[in-house]
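Nothing in this text is a laboratory measurement; each read-out follows from the coordinates by a stated rule. What you see is a predicted model; the values in this text were computed from it and never measured. Using ideal geometry, Cβ is built from the backbone for each residue, glycine included, and neighbour counts are taken over all protein chains shown.
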């Protein structure tokens, strides 16, 4: 999957925790939680994501009990 910053359109790399996956369903990409539920679909905007930065500049997504990402669904 390719991720872009909503405000700039800049591409960047996101490293997701173990168990997250991506798939195509009806020609639309989905980002999937380890339990199989969908976090976001192609063109959705994810905000309020807890993350850190790796030494190489990649974004490291973090999920714990306090993490509550918000997903604005694309039409």
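Below is a table of values for the structure above.
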{"quantity": "Residue within the range 5-13 that is more than 16 Å from residue 71 (Cα to Cα), in a loop (DSSP other than H, G, I, E, B) and under 11 Å from the mean Cα position of the chain (by Cα) present", "calculated": "yes"}
{"quantity": "Residue 31 being surrounded by 14 or more Cβ atoms within 10 Å (Cβ to Cβ), part of a strand (DSSP E or B) and either within 10 Å of the chain's Cα centre (by Cα) or free of Cβ contacts under 8 Å to residues at least 24 places away in the same chain (or both)", "calculated": "yes"}
{"quantity": "Per-region count, the range 34-63, residues free of Cβ contacts under 8 Å to residues at least 24 places away in the same chain, farther than 19 Å from residue 10 by Cα and not in a loop (DSSP other than H, G, I, E, B)", "calculated": "1"}
